[in-house]
Amino acid sequence: MTDQIKPSPVLDVRGLQTVFHDTQGAWPAVDGIDLTLYPGEVLGLVGESGSGKSVAGFSVMGLIDPPGEITAGEVLFRGEDLRKKSEEELRRIRGIALAMIFQNPLSTLNPVLRIGEQMTEVLSEHGHDDSAAAASLAVESLRKVGIPAPEQRIHQYPHELSGGMRQRVAIAIALLGDPAVIIADEPTTALDVTIQGQIIAELQKLQAESGAGMIWITHDLGVVAELADRIAVMYAGNIVEMGPTDAVLDHPRHPYTLGLLDSVPGDTVPGAPLRQVPGNAPPLSQRPLGCPFHPRCASASDICRRDMPERETDAFGRSYLCHHPVSQKVDP
Amino acid sequence: MTESSLIAADRPATENAAESADAILEMRNLSRVFTRQPVLAETLLKLAGRAPDIPVLRAVRSVNLSVQRGEVLGLAGESGCGKSTLGRMMTGILPASEGTVSYEGADVATLRGAALKDFTLGVQMVFQDPYSSLNPRQRVAAILAEPLTVHRPDLSRAQINARVDAALEEVGLDVSYRDRFPHQFSGGQRQRIGIARALIVEPQFLVCDEPIAALDVSIQAQVINLFLELRRKRNLTYLFVSHDLSVVRHMADRVAIMYLGEIVELAPTAELFADPKHPYTRTLLEQIPSVRNRKRSFSTVKGELPSPLNPPSGCPFHPRCPAAMPQCSVDAPQLQQIAPGRTVSCHLYDKDKTLT
Ligand SMILES: Nc1ncnc2c1ncn2[C@@H]1O[C@H](COP(=O)(O)OP(=O)(O)OP(=O)(O)O)[C@@H](O)[C@H]1O
Ligand SMILES: Nc1ncnc2c1ncn2[C@@H]1O[C@H](COP(=O)(O)OP(=O)(O)O)[C@@H](O)[C@H]1O
Ligand code: SF4
Ligand code: SF4
Ligand SMILES: [Mg+2]
Ligand SMILES: [Mg+2]
């Protein structure tokens, strides 16, 4: 995307905070994040298990149930704050304008309904009353996600399909409303690289046709490198670094981003020890004071143990949360 | 090609048949089928003398493979291709339907007494899921002591305790953790416990079945480093099963690629990645996402892994193969040696087609 003709974001998230309550208190799983998503772009959201990626996705969709609670922030969809909408309005918007795809497609598919029935049900919610037209629309959208012989598949139940086929069906259903924002939460993590490649290719094609903005949640840096225009790195509920893919991956400023990149085998000498981030991510209720990464960070100093860093933005449009950012190496 | 030349073909370039004594584990024509239990109607048909057709799933099909002492052999392929089934047969957890597994030169099916114990203890398994492979109601110390109390009655309680502590230290866990339960650990720590449990009986050979697949990236690196260090310190041999080819590339000396129950290519790691021969291997390598690539349009492989209940005729890869020829849907290719230490099962490499 060129800077001169930057359209307005389709999604603009500001200061979003979501906590989980327990007997000890309220623990922020998402701790005041800012995100923008432009039409037609892919924003990769990466981070370790428990860092808050899924909670961030659900919070944007307004799908947080007790003991969770969205406690602060705005979710501006085409300029309107979704947090101010009634549950009824939100449900309508979710069906057609915002769509979410999950790692386990069985969580969204109804096991006792045939594929075709599930799809026509969704279509009738979207106001398609003509059942014959709905049926052919269902077949058409299955074809679009690369399902062979969709006329036969609509008569099958979810358990009769392979994992890859189920995920395609879930995607076809999510895309029935032609959404402007797609949040894909690890949709290919459970699949083989071959099937992952197929599904990413289909989604890329569909997205290019529709111009939707897509947030792709994953812990696989390789996938976002190949897919995303911009990358946001989450750690302990914060977006610790965000920016254009090249800037973040080639010249990371946050020590955690660098640590993640270094720990991936790839350009490494086979058999040599990998550089590793020591320790584990802290559980929700035991996040340290100051910068939450400090117990695992080689650059940590006193100020890191005391104060949360302020967000800095650089000339590449990349921002980061760190008192002692990684120096910009001059690459050959 | 004779059976013995097929087997010799999978040895590394430096080996020759005379040195086959250096194979720690050898598989010959190893197969495993699964049949489901007949339903009532089928049992009745059978009683009436009309044999029903219960589908047979051929999970592993006639594998010939030898693992050399001290090497890391990587095993990769799509889910359902038979990696775990092969690995379980190698450890003796799962009996073979056909063929043999030899440990230190002896067919394990014939082992008795001390020799059987050598095999049972010498080959250990590390599982993918550190959550379900540990008993949630046992403390770590008990989990680690159990194999010793079962197999080493010669050891005193104090000796067992000392070994438990040593095993914890070896995998990088504090000995104060010995009284905790599995749920009190993170995924990476649980996998360390799984590794400690395998190591405590001092095995020669570890079958590692997707041992890091369930872990986060930064924790994966920690566990990979642990495997590398243990191999060096203890001179271990590994079968390292993973569908993540970047990990296989980092860990393995040789790589076997599996498709629908068969080994379709075997090569030294560097050669396999630099110059994959089998069309399926090429396809897999193209699909590895890399942090070096940017904004790729994902090319795609056709279709999915066919059901092992109903495998395609001829070459099992032919319905998806970009290089398929008319012959491929009819004749099944044989694993053949194409260079020292390199074997591949594909008609593209048939040298003299008049002989086949
Ligand atoms: N329903 C819930 N009740 C209590 N805590 C929760 C709940 N859902 C999530 N959390 C906590 O919120 C934090 C963020 O969880 P989230 O599921 O967003 O992580 P994630 O980054 O998506 O991880 P993964 O990679 O494992 O999917 C975690 O500490 C998690 O334990
Ligand atoms: N106990 C079993 N009973 C029936 N089928 C099985 C059993 N174990 C494995 N299979 C089947 O054998 C094939 C190979 O499985 P597996 O070895 O687990 O593959 P991988 O480890 O490569 O994913 C699959 O089709 C699987 O469904
Ligand atoms: S703020 Fe300090 S502890 Fe946190 S990442 Fe930066 S250097 Fe490390
Ligand atoms: S034998 Fe034929 S179908 Fe099979 S991999 Fe080789 S070229 Fe492809
Ligand atoms: Mg998640
Ligand atoms: Mg398996």
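Using modelled backbone amide H atoms (1.01 Å from N, in-plane), which distant-in-sequence or interchain residues come within less than 5 Å of residue B:262's amide H?
B:61
So what does log10 I(q)/I(0) come out to for the stretch B:260-321 at q = 0.17, 0.19, 0.24, 0.30 Å⁻¹, using the Debye formula with one equal point on every Cα and no solvent?
-0.71, -0.85, -1.12, -1.33
Counting only residues 5 or more places away or on other chains, whose amide H sits under 5 Å from the amide H of residue B:24 once H atoms are built in the peptide plane?
B:67, B:68, B:69
Rounded to the nearest 0.05, what FRET efficiency do residue B:146 and residue B:183 give with R0 = 22 Å and r taken as the Cβ-Cβ distance? Could you check?
For R0 = 22 Å, the calculated efficiency reads 0.75.
Based solely on its DSSP helices, what 222 nm [θ] is calculated for chain B when runs of n ≥ 4 H residues each add -39,500 (n - 2.57) and the sum is averaged over all residues, nearest 500 deg cm²/dmol? Before the final figure, lay out each step's value.
Values: 11 runs with 111 residues, N = 356.
When only DSSP H runs of four or more count, the value is -9000 deg cm²/dmol.
Can you pull out the trypsin sites (Lys or Arg not before Pro) in the stretch B:199-292 whose DSSP state is coil and whose Cβ has at most 13 other Cβ atoms within 10 Å? Write down the numbers at each step before the final one.
Details: sites: B:231, B:232, B:233, B:234, B:249, B:254, B:277, B:282, B:292; in loops: B:277, B:292.
Counting only loop positions with at most 13 other Cβ atoms within 10 Å, the trypsin sites (Lys or Arg not before Pro) in the stretch B:199-292 are B:292.
Which value, in nm² and rounded to one decimal, describes the direction-averaged projected area of the C-alpha convex hull of chain B? The partial results should precede the final answer.
Details: hull surface 89.0 nm².
One quarter of the hull surface, i.e. the mean projection, equals 22.3 nm².
Sort all Cα-Cα distances of the protein assembly as shown into consecutive 20 angstrom bins from zero, then give the percent of pairs in each bin up to the one containing the longest distance.
With 20 Å bins starting at 0, P(r) equals 16, 46, 33, 5, 0.
When the expected Rg is taken as 2.2 N^0.38 Å, what fraction or multiple of it is the alpha-carbon Rg of the stretch A:229-332? Let's see the in-between values first.
Details: Rg = 14.0 Å, N = 104, 2.2 N^0.38 = 12.8 Å.
My calculation over the Cα atoms of the stretch A:229-332 gives 1.09.
Using θ = phi - 60° and the Karplus relation 6.51 cos²θ - 1.76 cosθ + 1.60, list the HN-Hα couplings for the stretch B:286-291 in order, rounded to whole Hz, with x at every Gly or Pro.
Values per residue, Gly and Pro as x: 5, 8, 5, x, 10, 5 Hz.
Quote the convex hull volume per residue of the stretch A:237-287, based on C-alpha atoms, as a whole number of Å³.
On the way: hull volume 4.8 nm³, N = 51.
Per residue, the Cα convex hull of the stretch A:237-287 comes to 94 Å³.
Could I have the simple spin-label model distance between residue B:286 and residue A:132, label points 7 Å from Cα toward Cβ, reported in nm to one decimal?
For the pair residue B:286/residue A:132, the computed spacing is 4.3 nm.
Mind sorting B:259, A:235 by how few other Cβ atoms lie within 10 Å of their own Cβ, fewest first? Can you show the working numbers first?
Numbers: B:259 23, A:235 26.
If I rank by nearby Cβ atoms, fewest first, I get B:259, A:235.
If neighbour count is taken as other Cβ atoms inside 10 Å, put A:216, A:27 in order from fewest to most. Don't skip to the answer; put the middle values down first.
Values: A:216 25, A:27 18.
Lowest to highest Cβ neighbour count: A:27, A:216.
Cα axis of helix B:157-170 to longest principal axis of chain B: angle in degrees, 0 to 90, nearest 10?
With rounding to tens, the tilt is 60 degrees.
Obtain the radius of gyration and the Kirkwood radius of the stretch A:154-305 from its C-alpha atoms and give Rg over Rh. Before the final figure, lay out each step's value.
Working: Rg = 18.7 Å, Rh = 18.0 Å.
Ratio value, two decimals: 1.04.
Compute the projected area of the convex hull of the Cα atoms of the stretch B:27-166, averaged over all viewing directions, and report it in nm² to one decimal place.
Details: hull surface 50.7 nm².
Averaged projected hull area, Cα only: 12.7 nm².
Long-range amide H contacts for residue B:74: which residues qualify at under 5 Å (H placed 1.01 Å from N, peptide plane, sequence gap of 5 or more or a different chain)?
Amide H neighbours of residue B:74, under 5 Å, 5+ apart: B:240, B:253, B:254, B:255, B:256.
In whole Hz, what ³J(HN,Hα) sequence does the stretch B:245-251 give by Karplus (6.51, -1.76, 1.60; θ = phi - 60°), x for Gly and Pro?
5, 5, 5, 4, 4, 6, 8
What number do you get for the stretch A:180-268 when its Cα radius of gyration is normalised by 2.2 N^0.38 Å, N = residues? Write out the running numbers ahead of the final one.
On the way: Rg = 13.6 Å, N = 89, 2.2 N^0.38 = 12.1 Å.
Here the answer is 1.13, to two decimals.
When you have a sec, figure out the Kirkwood radius of chain A from all distinct Cα pair distances and drop it here in Å to one decimal?
Numbers: mean 1/r = 0.0473 Å⁻¹.
For chain A, the Kirkwood estimate is 21.1 Å.
So for each of B:325-333, A:82-90 I average, over its residues, the number of other beta carbons within 10 Å; can you give me the resulting order with the highest mean first?
Highest-to-lowest ranking by the protection proxy: B:325-333, A:82-90.
Given a 10 angstrom Cα cut-off, can you work out which residue in B:279, B:153, B:316 is the most mobile in a GNM of chain B?
B:153
Note the angle between two axes, namely the Cα long axis of helix A:115-125 and the longest principal axis of the Cα atoms of chain A, as a number of degrees from 0 to 90, rounded to the nearest 10.
Between the helix axis and the principal axis of chain A, the angle is about 80 degrees.
Which value in deg cm²/dmol, rounded to the nearest 500, describes the helix-derived mean residue ellipticity at 222 nm for chain A, given -39,500 (n - 2.57) per DSSP H run of n ≥ 4 and division by the residue count?
On the way: 11 runs with 104 residues, N = 332.
Rounded to the nearest 500, it is -9000 deg cm²/dmol.
Suppose the chain between residue A:285 and residue A:178 were pulled fully straight at 0.36 nm per residue; how much longer would it get relative to their current alpha carbon spacing? Write down the numbers at each step before the final one.
Working: separation 107, 0.36 × 107 = 38.52 nm, distance 3.91 nm.
Length gained between residue A:285 and residue A:178: 34.6 nm.
Taking the Cα-to-Cβ direction at residue B:98 and at residue B:69 and moving 7 Å from each Cα, how far apart do the two end points lie in nm?
Once both label points are built, they end up 3.2 nm from each other.
Could you calculate the contour length gain from residue B:293 to residue B:323, that is, 0.36 nm times the residue separation minus the distance between their Cα atoms, to one decimal place in nm? Kindly include the intermediate steps, with their values, before the conclusion.
On the way: separation 30, 0.36 × 30 = 10.80 nm, distance 2.55 nm.
Here the answer is 8.2 nm.
So if I take the centroid of the Cα atoms in the stretch B:26-93 and the same for the stretch A:172-193, what is the distance between those two points in Å?
Distance between centres, Cα-based: 35 Å.
Could you please state, rounded to a whole Å, how far the C-alpha centre of the stretch A:64-94 is from the C-alpha centre of the stretch B:135-170?
About 53 Å separates the Cα centre of the stretch A:64-94 from the one of the stretch B:135-170.
Tally Lys/Arg at +1 and Asp/Glu at -1 over every other residue whose Cβ is under 13 Å from the Cβ of residue A:108; what's the total? Intermediate values should be presented prior to the final figure.
On the way: positive: A:94, A:166, A:168; negative: A:121, A:185.
With Lys, Arg at +1 and Asp, Glu at -1, the neighbours total +1.
For chain A, modelled as a GNM with alpha-carbon contacts under 10 angstrom, which of A:196, A:207, A:286 fluctuates the most?
Result: A:286 has the largest fluctuation of those listed.
So if R0 is 41 Å, what FRET efficiency would residue B:350 and residue B:112 give, r being the distance between their Cβ atoms, rounded to the nearest 0.05? Walk me through the numbers on the way to the answer.
Working: r = 44 Å, r/R0 = 1.07.
Efficiency, from the Cβ-Cβ distance: 0.40.
Once each part is reduced to its C-alpha centroid, what is the distance from the stretch A:263-310 to the stretch B:211-287 in angstrom?
27 Å
What number comes out for the charge environment of residue A:241, summing +1 per Lys or Arg and -1 per Asp or Glu over other residues with Cβ under 9 Å away?
Working: positive: A:253, A:318; negative: none.
Summing Lys and Arg as +1 and Asp and Glu as -1 gives +2.
What is the mean number of Cβ atoms from other protein chains located within 10 Å of the Cβ atom of each residue in peptide A:268-281, rounded to a whole number? Intermediate results must be reported in sequence, preceding the final value.
Numbers: counts 5, 1, 11, 9, 3, 6, 10, 3, 10, 6, 2, 5, 9, 4.
Counting Cβ atoms of other protein chains within 10 Å of each residue's Cβ and averaging gives 6.
Compare A:95, A:177, A:290 in a GNM of chain A, Cα atoms joined below 10 Å, and give the one with the largest fluctuation.
A:290
Since every read-out is calculated from the coordinates, none of them should be taken as a lab result. Here the structure is a predicted model, which means the values were calculated and not measured. Every residue, glycine as well, gets a Cβ built from its backbone with ideal geometry; the counts of neighbours run over all protein chains shown.
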